[in-house]
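K.L.:
Have a look at the structure that comes next, please.
The values are calculated or read from the model by the stated rules, or taken from the named source; none is laboratory data. What you see is a predicted model, and the numbers here were worked out from it, not measured in a lab. Glycine gets a Cβ as well: all are built from the backbone with ideal geometry, and neighbour counts include every protein chain shown. Quick note on the areas: whole protein, heavy atoms, side chains included, nothing else; ligands and nucleic acids left out. Shrake-Rupley method; radii C 1.70, N 1.55, O 1.52, S 1.80 Å.
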Amino acid sequence: MLVLGIETTCDETAAAVVERHDDGRATILSNVVLSQIAEHAAFGGVVPEIAARAHVEALDLIIATAMAEAGRDFGTLDGVAAAAGPGLIGGVIVGLITAKAIALVHEKPLIAVNHLEAHALTARLTDGTPFPYCLFLASGGHTQIVAVRGVGDYVRLGTTRDDAIGEAFDKTAKLLGLGYPGGQRVEQEAARGDPSRFTLPRPMLGRQDADFSFSGLKTALRLEAEKIAPLTDQDVADLCASFQLAVVETVVDRLRRGLKVFRQRFGAPSALVAAGGVAANQAIRDALLNLASQDQVALVVPPPSLCTDNAAMIAWAGAERLAHGLCDALDTSPRARWPLDQVGKPLPTDAGTAGVSPAIACPPAGRVGGRDARGPGESADSVSPNTARSVVV
Ligand code: KG4
Ligand code: ZN
């Protein structure tokens, strides 16, 4: 099963072609990512309007490059997947509408992928990790511990009560004048700093739930920085190292708790899996390895390039959904907000899908049940994109 994936939810314009083999293994045929860092750097963060315009300008070429690198043309695809949210709405619209156009013209199913689901399923793309597993999703907008029980079947066990973990890295970087993007810069500075120089809090440590909180840590760091301002290069490095250590120790404690909750509710997980941009951080990766070996659970952490935003994960999530007969109508809306537990599930074989509507089964876009949807005398132009929606095969 061959799927084109498109990612435009934040500041990466990305396209990829991924093949899902019948035995569930994956081959990434191409994975093209264009970062917009240069466009946003002067503003110290992502500017949504600039991001959306940059996606418009770059996306066609990025898709053409991904198709060329894969050595395939649109006709060979089994589906077209785009991240339909959550994310910056301007960018999401660009990616989703482009996917709709390709799906409609080439009569392929459209898969509107939840960006978080794509992060959640990446471990299956890279390592074929079986369900159920315990996911640590750590990105710029999310910090969650999730029980991943199947495609479309996610139970959130813990989340942040304020800032996301990547946001905490980014704000720390900004405060210390390290610019954007922040996470990588903080990690680089931390590598030459003294993590014991500043005493920073470990928020939520020891609590019974599996939630996170990072805003207090961020404030504590700011107060320490203000006490010793103006900062030398060594001060900045020491602050970064102290901050990173506080984050790492908090993450380990919260994940230990999350694994316990997972076992109580769902039995043994097949693995502890990390995903999202912050999982690219080597100190966090090392700590997870340690935790997993103490906790006697396998650890799966995709390579950094597949932890940060990319389109291979979108294509893969699209392929996983398509393999379950899940696709979406051409009038599917882009979503700025889209909690992971609200994605469509495969049609139920038992009860328990209340509150979540299954996605529709998969005719090619623009066709009904595999037949041409156009009525007598209708041109392709006159076919409403809604036509595909009325079909449930
Ligand atoms: O998953 P991602 O690429 O985009 C979102 O969906 O948010 O994650 C981006 C986040 C940013 O906050 C960035 O600073 C952080 O991941 N990040 C890192 C590292 N690389 C990226 N944080 C800490 N250490 C890193 N090496
Ligand atoms: Zn992401």
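K.L.:
Is there a residue in the range 78-96 that is more than 20 Å from Ala51 (Cβ to Cβ) and either out of contact with any strand residue (DSSP E or B) (no Cβ under 6 Å at 6 or more places or on another chain) or part of a helix (DSSP H, G or I) (or both)?
P.N.:
Looking for residues that are more than 20 Å from Ala51 (Cβ to Cβ) and either out of contact with any strand residue (DSSP E or B) (no Cβ under 6 Å at 6 or more places or on another chain) or part of a helix (DSSP H, G or I) (or both), one finds none in the range 78-96, hence no.
K.L.:
I'd like to check something: does the range 117-126 contain any residue that is over 22 Å from Arg257 (Cα atoms), aliphatic (A, V, I, L, M) and within 13 Å of ligand 1 (Cβ to nearest atom)?
P.N.:
Yes, that holds for at least one residue.
K.L.:
Give the residues of the range 203-230 that are in a loop (DSSP other than H, G, I, E, B), in contact (Cβ under 8 Å) with a residue 12 or more places away in the chain and open to solvent by 60 Å² or more (accessible area, probe 1.4 Å), sorted by residue number. Reasoning before the result, please.
P.N.:
Initially, the range 203-230 is screened for residues in a loop (DSSP other than H, G, I, E, B), giving 203-211, 213-214, 229-230.
Keeping just the survivors that are in contact (Cβ under 8 Å) with a residue 12 or more places away in the chain gives 203-211, 213-214.
Correct list: Leu205, Arg207, Gln208.
K.L.:
Which of the residues that make up the range 12-24 are touching a Phe, Trp or Tyr at 6+ places or on another chain (Cβ under 9 Å) and in a loop (DSSP other than H, G, I, E, B)?
P.N.:
Scanning the range 12-24 gives no hits.
K.L.:
Could you list, in sequence order, all residues of the range 177-217 that are within 15 Å of ligand 1 (Cβ to nearest atom), more than 22 Å from Gly44 (Cβ to Cβ) and among the aromatic types (Phe, Trp, Tyr)?
P.N.:
Phe212
K.L.:
Being crowded, with 24+ Cβ neighbours inside 10 Å, under 23 Å from Leu289 (Cβ atoms) and under 16 Å from the mean Cα position of the chain (by Cα), is that true of even one residue in the range 77-90?
P.N.:
Checked the range 77-90: no residue is crowded, with 24+ Cβ neighbours inside 10 Å, under 23 Å from Leu289 (Cβ atoms) and under 16 Å from the mean Cα position of the chain (by Cα).
K.L.:
Restricting attention to the range 231-250, which residues are in a helix (DSSP H, G or I) and among the β-branched types (Val, Ile, Thr)? Before you say what the answer is, go through the steps one by one.
P.N.:
So in the range 231-250, the residues in a helix (DSSP H, G or I) come out as 233-250.
Residues satisfying the conditions are Val236, Val247, Val248, Thr250.
K.L.:
Does the range 281-291 contain at least one residue that is of a type in the set (Lys, Arg) and more than 20 Å from Val186 (Cα to Cα)? Don't jump to the end; show me each part of the working.
P.N.:
If we filter the range 281-291 for residues that are of a type in the set (Lys, Arg), which is where we start, we get 285.
From what's left, more than 20 Å from Val186 (Cα to Cα): none.
No - not one qualifying residue is present in the range 281-291.
K.L.:
Of the numbered conditions (1) more than 16 Å from ligand 2 (Cβ to nearest atom); (2) crowded, with 23+ Cβ neighbours inside 10 Å, Asn290 fails exactly one; give the number of that condition.
P.N.:
Among (1) more than 16 Å from ligand 2 (Cβ to nearest atom); (2) crowded, with 23+ Cβ neighbours inside 10 Å, the lone unmet condition for Asn290 is (2).
K.L.:
Related question: From the residues in the range 57-67 that are without any contact (Cβ under 8 Å) to a residue 12 or more places away in the chain and open to solvent by 60 Å² or more (accessible area, probe 1.4 Å), which one is farthest from Val32 (Cα to Cα)? Even if it seems obvious, please write down each step before you answer.
P.N.:
Restricting attention to the range 57-67, the residues satisfying the condition of being without any contact (Cβ under 8 Å) to a residue 12 or more places away in the chain are 57, 61, 64.
Now drop any that are not open to solvent by 60 Å² or more (accessible area, probe 1.4 Å), which leaves 57, 61.
Numbers: Glu57: 15, Leu61: 10 Å.
Looking at the filtered set, the residue picked out is Glu57.
K.L.:
Select from the range 293-320 the residues that are in a loop (DSSP other than H, G, I, E, B), within 16 Å of ligand 1 (Cβ to nearest atom) and open to solvent by 50 Å² or more (accessible area, probe 1.4 Å) and write down the one among them that is nearest to Ala83 (Cα to Cα). Spell out how you get there, then give the answer.
P.N.:
Going through the range 293-320, the residues in a loop (DSSP other than H, G, I, E, B) turn out to be 296-298, 301-303, 308-311.
After this cut, where a residue has to be within 16 Å of ligand 1 (Cβ to nearest atom) as well, the list is 301-303, 308-311.
If we keep only those that are open to solvent by 50 Å² or more (accessible area, probe 1.4 Å) too, we end up with 303, 308.
On the way: Pro303: 21, Thr308: 14 Å.
That would be Thr308.
K.L.:
In addition: Condition check: within 16 Å of ligand 1 (Cβ to nearest atom) and in contact with a Phe, Trp or Tyr (Cβ under 6 Å, 6 or more places away or on another chain). Does Gly45 satisfy that? Don't jump to the end; show me each part of the working.
P.N.:
Values: within 16 Å of ligand 1 (Cβ to nearest atom): yes; in contact with a Phe, Trp or Tyr (Cβ under 6 Å, 6 or more places away or on another chain): yes.
When the stated conditions are applied, Gly45 passes them.
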